[in-house]
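Before any comments, here is the structure.
The values are calculated or read from the model by the stated rules, or taken from the named source; none is laboratory data. Not measured: the values here are computed from a predicted model. We place every Cβ from the backbone using ideal geometry, glycine too, and count neighbours over all the protein chains shown. We work out accessible area using only protein heavy atoms, side chains counted, and drop any ligands, DNA or RNA first. Shrake-Rupley method; radii C 1.70, N 1.55, O 1.52, S 1.80 Å.
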Amino acid sequence: MGNKDIVPVRIQDNSVQAQYNATIYKVDLTHYVESNQEEQLIITETYFNRMSALPKKITIFEDQNVEIYDNPHFFSPYPTEKSQTTYKLASSPIFYTEEDATAKGGNIEYGPYRNDGAFTRSKIRLHFENTRPFPVFKNVTRVIEVSHWGNIAIEDFYKLANEGAELTGEYNKVDFNKYTQHTGKNSLKNLKAKLPYNSWGVYYKDEVGNISTSRAFRDSASNSVDMTIEPRFALLGGWKSNFYIGYNLPAKYTLFVEKADPTNYYLRQNSGLIFKGIMAEEFTIKVILPEGATEINYQFPFPLNEVSEEKSFSYFDFEGRPTFVFKIKNVVDYHDQTFTVNYKFSQNSIIREPLM
Amino acid sequence: LFFFFFKQKTAYEMLRSLVGSEMCIRDSNEGEASVLDSPFVQTLNSNAQKWAPALRMTILLMISILAVVVRVFSVIRFESIIHEFDPWFNYRTTQYLAKEGVYGLWNWYDSESWYPLGRSVGGTVYPGLMVTSASVYWVLHQLSIPVDIRNVCVFLAPVFAAFTSIAAYLMTNVITKRPEAGLFSALFVAIVPSYMSRSVAGSYDNEGVSIFALVFTFYMYLKAADTGSLLWSCGASLAFFYMVSAWGGYAFIINIIPIYIVAVFLSGNINNRLYVSYTVFYVLGTIYAMQIPFVGFQAIHSSEHMASHGVFIFLQVYMFINWIKQYITKSAFKALTRLVIFTFVSLLVLGFLYLTFTGKTKWSGRSLTLLDPTYAKKFIPIIASVSEHQATTWSSFFFDLHYLVMFTPIGLYYCLKKPSEGKLFAAIYTVLMVYFASVMVRLLLVLAPAVSIMSGMGVSYLIRFLIKNLKNALKSSKKQSSKYNVPSEFSVVGILLISYLVCTYTFHANIAGAESYSHPSVILATRDQQGNRLIIDDFREAYYWLRQNTKPEAKIMSWWDYGYQITGFSNRTVLVDNNTWNNSHIATVGTAMASSEEDAYEIAEKLDVDYVLVIFGGYSYYSGDDINKFLWMVRIGGGVFPHIKEEDFYGSGQYRVDGQASQTMLNCLMYKLSYYRFDEVKTDYWKPAGYDTVRQTEIGNKGYKLRRFEEAFTSERWIVRIFKVKPRENRDGLYIRSKGVINYPSDTATFKEGSSLFTNHKYSTKVVPPKKRKTITVSTCLLYTSDAADDLLCVDLGGRRIIKKKKY
């Protein structure tokens, strides 16, 4: 079937929901599969909040352990002939459900299970050491301000939390700091972001001003601006911090105009986070179009949770700029795609503000 | 500056003038004409006359721009941020005002400060500054310019500095009627370091706008006195109203003007113009002042206003007598005058004494400190503890005013040489301010415009004198005029010297502005070994940690210095802050810091404290830390709670933190929190572990554990340390006394015998046995009524005592 990505469609089936506590997704295949023929499907599922720290609270000297409950059977509405699940852990587990399991170091293999009926499941528990921080963005708001004078200004506001095991007991400055590795292992010391290659005027700040601990350089190899930020303080388990990252993009790379109709504009922007591998529980994208933009349409490669329209006011705006607010829940790397906003804007409107 | 500008108008004219001078040399050989008579110089002169107003305005505009530009170093070098301590409160209040409007501010009861008392902000604040910036903010938003309120606040003071230089120009102009003196004054005041120290971008404090208001009020008043016009008098009282709304320093105006009137009276020049201007100014000004809730009836009964009342009444009586004079004989008039003056003066004195002794009128602690410089040191440690309330040293005079201290006497000489009402005023203003400025460092600020104006007058007078000399010398070398008899070489040298001094002054002012006064103090900058600039951001790191990782209702105990910053940066509740209106509350915090861990814990518990924040510089050479301020905490604490004694904190006769420090010092909370686990780190390769880089010594108490407090956060360079107050453990402190029966009558909670767990013993909650127990009497009553503190102890450092003493 090649390697075409198919977006599954969620099916509302209350009986299954009630009976098995499961949600059904439907996948439309691109072509018919004849009887006695085989077809290979690769299904990627992304879960969040599956792992939780155990113990919930640790001191700065302790290592973080996590536990996870899972179903090692292939969970599907169809009978399964053979299935096998391998868990790759960061370290050899402290505890694992031994039934049907073979453990080799950090790899634990369940199965193979043969001839499972539909909706077969069992529960296993794994408890193992994982000292990495669990960064989560509780909320991300991106404001994209389009200027037809050649600049797209983007500002992201992040509410970051480290949802690893919470710190209990003393902070112990003597033992813990940015440069030591043996204490506070689950602390979040820095984050790496990738900004578009043409970004300029990058800033990193929070509600109380500039944060001086960040570095950014333009990397032509990866075609991006690589930015490393350190929060004001290393985030130990359970700690939070907010920050802003802002940058500008030259309009010529992201704002396109239709040749046939020069009043028809297309704004193409990334709909994902600039931080890879970190989930955002809520992601809001605000697109502020110039005053006078009309007939606004938008296209997203994935369904949105909420769309609303408002007006925003900036320098010398009297009518207000048309603003679209897109809300997406649970944003992961999958959302790292491109969305388009299409609108009409007459060239005459552009000189209105400088004239004032 | 004006002089040079006008001389170097265009290159073309320069060239012509050279030609002219050649001509004149030839001509003078003939002994007839001189350079000044040449037709070219004549045209130049008349041209200059024609263009002078435009030039003046251009120069004034350039000075104003300079005033703004020289103050934005702080934004360029750091960022657009609010500086220091008090500006954080002003900023927070402005934000509130911009959001909630004037009535919102009036009714704002701020529960985030002075826990558990709170503070009624509307009634305890001079709102002029906040209203000004909020108005700017609103107007700009109406014009569809959505600037950030923070930027309005940051750039307000520089803009007002430009206004101040214009006001100084106008004022000097009124005094001398000489625009060049005005321009010199404007230049001097625009960049005088003393004023810059309080008005750089980000220094968002009352003084930023009120120095303008002060100079402008004086200008208006002088104009009124000059013309006797009602309009100007009303204008002066309006300007005064703005000043009252902006700063407590309005007391200077309301005293200087009456003193001026008295001086004019003594010199025998009192006239109707002065009478009108003062009467109108006094009546309207007093009524306006009462409109500010913070001032209210103080404008009637506080001692600071007494002089104005007295002079007002006196003027009325005097004018009445003068009026009667027309109708009675000379001798009767003399007798009447004597009688009236005698009764009047004695009535005034008696009345004042009566009011003072019965306590109907009061001097604020700060005013008393001004009148008696030793007062604060003796009685009010909290005033004495503030660095800007120290007596001024000569070096800071020179650093902050530079050559103006040299020019001022010349100006004074000029004022006294050809006295006029305006000059008399300037002289009185300057002399009084010199006194106040030498009592308190911060009042250098009020002196700055005075000496700038004086210097402007002095410098322009000197230059004019020398130029006239030169002209005379050029006119005719033979007939020396008797009036200007200084040799012309001397004149040239003098002019060059003055130009040099003025240039040096501008360089100095630039350096002072850029290097000394542009530090936000919440961000520190240093250089690493390679010479790279390094930002030390410990304050914001810790404050932001508080903001993000503590409960929103958490109460933070810290020394009052950091109160405004914590509420501003962290949005958390503090016990005490820089509005030091309640001395006993501050003393309680001081006492907690000076007590042993157990005693401090009790205080902290009573005040619902969740976190204790201390500033510690021993790790990173930051000398403004709490250990260095600690003696003030002890003094202020000891002033209210006598069991805290300053001498207990001295070891071998001096204040120290090493092994020879006293046991009280080594075991007090401040010491224990600051140095907690500090003995495990090395700050210097050559020194032992636990070497304090600020005190240059090895600490004396090592290896201790904290029982009641827990380190919650320490910033990157240890500057801010935050400790959590631990909750009491279960059955905390129950301990078994196996021998004898110990039963403290009131302090013990004795368990009933035969209770299931402990059958054979008597148990008591652990209290410190009476013998050892210190008489720590922190009761809630004390905190709420502050009856431990005398009225005079509650001082005004920008705020005022609002809770009245309860009488029992």
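Centre-to-centre, using Cα atoms only, the range A:208-231 and the range B:482-546 are separated by 35 Å.
A cut-off of 5 Å between modelled amide H atoms, ignoring neighbours fewer than 5 places along the same chain, links B:Phe709 with B:Lys726.
A 1.4 Å probe, protein heavy atoms only, puts the accessible area of A:Asp175 near 30 Å².
Note on A:Val27 and B:Leu496: the model spin-label points, each 7 Å out from Cα along the C-beta direction, lie 9.4 nm apart. Here the relative contact order of the range A:23-110, from alpha carbon pairs under 8 Å that lie six or more residues apart, stands at 17 percent. Summary of the geometry: the range B:625-692 and the range B:249-265, compared by the centres of their Cα atoms, lie 47 Å apart. Can you give the FRET efficiency for B:Arg77 and B:Phe333, using 1/(1 + (r/R0)^6), R0 = 60 Å, r = Cβ-Cβ distance, to the nearest 0.05? The computed FRET efficiency comes out at 0.30. Simple spin-label estimate for B:Tyr109 and B:Glu729 gives 4.1 nm between the two label positions (7 Å along the Cα-to-Cβ direction from each Cα). In percent, rounded to a whole number, the relative contact order of the range A:151-231 is 28, using alpha-carbon pairs under 8 Å and six or more apart. Spatially, the range B:374-444 and the range B:95-128 are offset by 34 Å when compared through their Cα centroids. Pairs from the table (A:Lys173/B:Lys702; A:Lys205/A:Lys276; A:Lys194/A:Lys259; A:Lys178/A:Lys276; A:Lys205/A:Lys327; A:Lys205/A:Lys286) lying more than 27 angstrom apart at Cα are A:Lys194/A:Lys259. 3J(HN,Hα) along the range B:550-555, derived from phi through the Karplus expression 6.51 cos²θ - 1.76 cosθ + 1.60 where θ = phi - 60°, amounts to 10, 4, x, 9, 5, 10 Hz, with x in place of Gly and Pro. The mean sequence separation of alpha-carbon pairs under 8 Å and at least six residues apart, normalised by the residue count of chain A, gives a relative contact order of 14 percent.
Run down the aspartates and glutamates and flag those whose C-alpha is under 20 Å from the C-alpha of A:Lys138, throwing out any fewer than 8 positions away in its chain. Cross-link targets: A:Glu155, A:Asp156, A:Glu163, A:Glu166, A:Asp206, A:Glu207, A:Glu230, A:Glu281, A:Glu282, A:Glu306, A:Asp333, A:Asp336.
Across the range B:528-534, rounded Karplus estimates of 3J(HN,Hα) from the backbone phi angles (6.51 cos²θ - 1.76 cosθ + 1.60, θ = phi - 60°) give 8, 5, 7, x, 7, 6, 10 Hz, Gly and Pro being marked x. One decimal place: the segment B:Leu140-B:Phe40 gains 30.9 nm when fully extended, by the rule 0.36 nm per residue minus the C-alpha distance. Counting heavy atoms of the protein chains alone, B:Cys153 has an accessible area of about 0 Å² for a 1.4 Å probe. By the rule of a C-alpha distance below 14 Å, with chain neighbours fewer than 8 residues away ignored, the aspartates and glutamates paired with A:Lys88 are A:Glu67, A:Asp70, A:Glu109, A:Glu129.
Once amide H atoms are placed 1.01 Å from N in the peptide plane, what residues at a sequence separation of 5 or more from B:Tyr115, or on another chain, have their amide H within under 5 Å of its amide H? Result for B:Tyr115 returns B:Val574, B:Leu575.
Annotation: amide H of B:Asp110 within the under-5 Å range of B:Arg119, B:Ser120, B:Val121, sequence separation 5 or more or interchain, hydrogens built in the peptide plane.
Cβ-Cβ distance of B:Val431 and B:Lys645, R₀ of 30 Å, FRET efficiency by 1/(1 + (r/R0)^6): the value works out to about 0.10. Couplings 3J(HN,Hα) of the range B:507-518, computed from phi: 5, 4, 4, 4, 5, 4, x, 6, 9, 8, 10, 9 Hz, in residue order, whole Hz [Karplus 6.51 cos²θ - 1.76 cosθ + 1.60, θ = phi - 60°; x for Gly and Pro]. The modelled label-to-label distance for the pair A:Gln17/B:Gln660, using points 7 Å beyond Cα in the direction of Cβ, is 8.0 nm. For the protein assembly as shown, what class follows from the C-alpha gyration tensor (a ≥ b ≥ c being the square roots of its eigenvalues): rounded when a/c is under 1.5, otherwise prolate if a/b is larger than b/c, else oblate? Oblate, because a/c is 1.5 or more while a/b does not exceed b/c. Kindly state, to the nearest 0.05, the FRET efficiency for B:Arg464 paired with B:Trp51, given R0 = 25 Å and r defined as their beta-carbon distance. The value I calculate is 0.85.
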